[in-house]
Structures are given as structure tokens and as C-alpha cells.
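Structure first, then comments.
The values are calculated or read from the model by the stated rules, or taken from the named source; none is laboratory data. Keep in mind that what you see is a predicted model, and the values were worked out from it rather than measured. In this analysis, Cβ positions are derived from the backbone assuming ideal geometry, glycine residues included, and neighbour counts consider all displayed protein chains.
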């Protein structure tokens, strides 16, 4: 059925929203859901989280005055309704495409987006800073933070909540809880309590009672007793004890899909000062049955068929690196009883779902807590186990100190499986794994390697079990090269590269995802009369210095390729080696530029930034010409 909304076409800003009757908001919510489903089915994106917050987003924009009031979306993967309401309704059709609007909040897109974000648990800290700045500058406006029940488990979120409670800043934290099961009776009672305790009469009586008690002998003690009684009553009918202990005024839990009730409570909360936590219960995937049934599969999803919910996958595509990692780990765990696997709330994304089912006692999902995951792994390793810590490249950045201080310094034998290394496509700058070779290279006692294909990945995992040091294995998002897999594992000595193709006119040093494009480039160059060697160095640390020096001396021309930032990575390491050896070959490197890379499909981005055989050929020809 063709999507024909009646109310949505009239909404171009939050001011248009405020003109609607409350009864119209329910219709608008369903129209927005249909629009989101339509666009995401074509472009991919975070479907289930966005379907779950439609009414909450409508209520926030209906009550508050953005952008004078500021709203921060933790992670930002649930901001689609927000974007549609804030002048980007037509642009929403370009969601996550090259040159289109981002799938996460982006300040350069709109004044309604106040924080570029894509990682979890940062919102309360940023929101507290903004609230404090408003007070210092004597500016009006409320700061609202929307954070999920998964994100709020992270240490940074609790550090910020603790600080906010201490400072008693005017901050509203909305806890979007889509996991907790609240019975209808408790939900109804807490909704009733929330309305009454945040209403004008309740606040007036509370203030008058405080003023009276301050004037009476012993009134301070009596006021303290009454306040404790109020807190105990709220704890009896709500799950807010922890937040009350952190000096937050706890309100909830309430139904996050009852837009009229949300508006009534938010209108009360708008008048309250100090730190407030508003607890709402929502359903991920709300309104789209396939996403309601399997919200994990539809959390971040590629294009899919709306009628069937079937996710579209290219025909005859090779298994992904993630799949090969997961299957290899199961085979290794069958051989090595000390092997355990750790993930930070990404069991499916990192390919560990089957491992968790097969070895539940050896699998640990620590939640969105990358710092804890790494130090937890260090503790396991120091007691003789072999932990494999599977974390996306962009999220491993969050645990940098733990890698240095708790793993490397202690020589703890942790294996880091770094998924989504390099460009990741449509999720954009917050998710590209563009920095891991650089930030890991500086860490002592750490082996760093990258497989040229899925077959070499399994051999590297096997080899890492034998190494005496911690090891980081980085591999890209998406399908493998399509090579056949060896059944028998093969040991790869640390720091040992391989010559895939000999040549005399120059050499291409490659690592990881750039190796196969380098081989194709060498073949094209051969047709042009140039003999070019291709060396898969495999390891950034330790690096095969002898192989680098030998081929630089032999050929006199060096091209280095890597899917990592140009600053301080693979190319920089080779340049340093050549400089130390006092060699001056003609030298060029292909790497990602020193900037945050925009969103777009992988093919477009790789072409733009030279990670293709065509650009490698051009670069090498220029090297020959002395350009």
C-alpha cells in the first residue's frame, strides 16, 4: 500500500507540531513510523530503536522549546523522528547515503542537533556541562538527555549521574527503558504517582511545608524524616532507589508510548529544577511486527522487504570476516579449554552468538563497558585463561588506557579481535575504524597484525593462541575476499611478512584489506610493462624490517597502502625504517586523510580515498615518472 500521510506533510518544524491537538499526535506517530520504515527499508539504518521512541520524541518537542532547550540523544541511533520534526523531513529520504543526512546527530546539519555522537554513555556528561554553562551564562532553557537502559550501565554514565547529583544542576535525564518488564499494576500505580508528585499542587505543598519546617524548633529534623518517608514511598512503588541515592528526583516508570500522558508529565517536569530522572518504558521495534519479534536483528539493519521483513543480502556473497571469526573461534575453543570470549554488548555484531550458545560458561557479555571488558580480560589472562576480546575498532578507542595499563604493562595475554577496522560505510565518522593501527602502534608488548583475507584470519587467530604477548588482529567489515579456507590451522611467526609477487621496478607494501587490491594493481602494471613486487607484511608490530629494507634496496621504488589514517600508522612505520636505514627510494603512500571521513557506501568512499587498484596503479605510475 502506498504511504499517504495526512498530518506529516504539515510538519516542518517543532512549532508546527505544537499547533496539533493531542488526539492528532497519535495519528502523526503512526505516520512517522511508516515513513521511517519506508526509508530504512531502502537505505538501511537503526530501525528498532527509532520505532521505539516516536511518541517520546513527539512529547519532548511538543513540551520543550528547542533549540533554546537542548536535547541530547545518547549514542544518537534513535534520532530519526527528531530529524524529521526539525526541518529535515524531505532530506530524510537521503538518510545515511553519500552526501545525504547522517544516521546520527550532526551539529553542522541543524541547530537542533547539539552534540555529534555515535558512541554510548556520553550524553549525561555533555548534558551536565551544558546545563552548568547555561547557569553560569544566566541563560534560560532546559537540557534534556535521552539515554537507554543499555547505555546507562556504562561507568561514564554513572560518573556523570553522580556528579550531576552532587552539583544539583537543572538537568532532566530521560531513561528510555526497552528491556525491563513492568507489570500493568505497577505501571499504572507509578504513572498515577508520577503525575501527582510532579503536579503544581504537590510542588506548592512541598515548598510550603519546607518553609514552615524551617521556622519550627527541631523543624530541620522533622523535614528530614518527612523527606525520607516520601523517598521510601516512591521506592516502594517504583524501581528508582539507585537514582534517588544519587540525589536525583526519580519519576516513573511510565508508558513511553502514551503520548498524552508523557506530555502531561513532561509539562510538570519542565517546571521542576535540579537533577530529575524520568523513567519511561518503550518497546523496540514498536509498530513493525518483524522488528518487535526480533529487535536485535532490526537494531542496525540493511535494506529489507517491508512486507516480509526479509533482510536483503547479495546473492553468492562470500562469508563475512565476522562470520569466519566466529566459526574459527568455536573450532579453537574445541581444542583449547582455556579460551574464553568477551564482548561489550555486541554478541551478534561480533559473530559470537553461536559461540555463546555452544560455550555459555566461556562467554561473557559485559554490556556497553569497553573499559571494563579489556581490564576484565586482563584479569582472566593473568590467571591463565586465554581471553579473546571482540570489540569494533571504533569502540576499542574507549579502552585505550586499559590496553596500555592493564594489558600491555602486565604482559597479559589478551587477544583483541578488532572488527570493522577501516571504513565501515553508512554509519559515518563516529564508526569508521580509521585509527587503530595508529593508536595501537605506540603500545609496547603488543603484537599488531591484519589478515589479507578470511583464510589468513583463521591462521592469525590460531597463531595468537601460541604467542607469548597480547595480540591485536584487525579485520574489515563485510564479506571476505572469497578464498577457500584451509582446514588445518597454520602457525604464522610474529613479524613475518610474505612476498606474494616478485618484481624489479618497485614494490607495494600492503597490509590487511589493501593486499588484494595491490595484487590486482600489480597485474595491471605488468600489462603496462612494469614489474612490481607485492609484499603482504601482515604485521605492523613487530614489523619485518629485513623484508622492507631488502625490497626498498632491490627496487628503488616503494608504495605503501593501508586502510588507516595517514598519521602515524603503517606507512609512517615503513618511512621511519627507511630513514633509519639511510635509504632514499622513491616513496609514496596511500592512506586515509587526516580528517573525519564522511558517511557513504564503501565502494564510493574507497574510490574517493584511493583504496582501489585503479588509484594504486595511478600512484605507482606517478612514482615512476617522479611525480
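Of the residues making up the range 528-535, none is touching a residue at least 40 places away in the same chain (Cβ under 8 Å), crowded, with 20+ Cβ neighbours inside 10 Å, under 27 Å from residue 447 (Cβ atoms) and not assigned by TED's automatic domain parsing to the domain that holds residue 98.
Per-residue answers, yes or no, for (1) at pLDDT 95 or above; (2) under 22 Å from residue 115 (Cα atoms); (3) outside the structural domain of residue 292 (by TED's automatic domain parsing):
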{"site": "38", "(1), (2), (3)": "yes, no, no"}
{"site": "43", "(1), (2), (3)": "yes, no, no"}
{"site": "62", "(1), (2), (3)": "yes, yes, yes"}
{"site": "65", "(1), (2), (3)": "yes, yes, yes"}
{"site": "81", "(1), (2), (3)": "yes, yes, no"}
{"site": "84", "(1), (2), (3)": "yes, yes, no"}
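What strands (runs of 3 or more DSSP E) lie completely within the range 337-401 and have 2 or more residues being surrounded by 21 or more Cβ atoms within 10 Å (Cβ to Cβ)? Correct list: 339-343, 386-392. For the residues 469, 411, 452, the requirement of being in contact with a strand residue (DSSP E or B) (Cβ under 8 Å, 6 or more places away or on another chain), surrounded by fewer than 19 Cβ atoms within 10 Å (Cβ to Cβ) and at pLDDT 95 or above singles out 469. Take the residues in the range 315-336 that are in contact with a strand residue (DSSP E or B) (Cβ under 8 Å, 6 or more places away or on another chain) and more than 13 Å from residue 388 (Cβ to Cβ); name whichever of them is surrounded by the fewest Cβ atoms within 10 Å (Cβ to Cβ). Across the range 315-336, the extreme among qualifying residues is 317. Could you go through the range 483-491 and let me know if any residue there is outside the structural domain of residue 351 (by TED's automatic domain parsing) and buried (at least 19 other Cβ atoms within 10 Å of the Cβ). Within the range 483-491, none of the residues are outside the structural domain of residue 351 (by TED's automatic domain parsing) and buried (at least 19 other Cβ atoms within 10 Å of the Cβ). In this entry, residue 150 passes the filter for residues that are under 15 Å from the mean Cα position of the chain (by Cα) and modelled with pLDDT under 95. Restricting 95, 56 to residues that are under 20 Å from residue 279 (Cβ atoms) and either touching a strand residue (DSSP E or B) at 6+ places or on another chain (Cβ under 8 Å) or surrounded by 20 or more Cβ atoms within 10 Å (Cβ to Cβ) (or both) narrows the list to 56.
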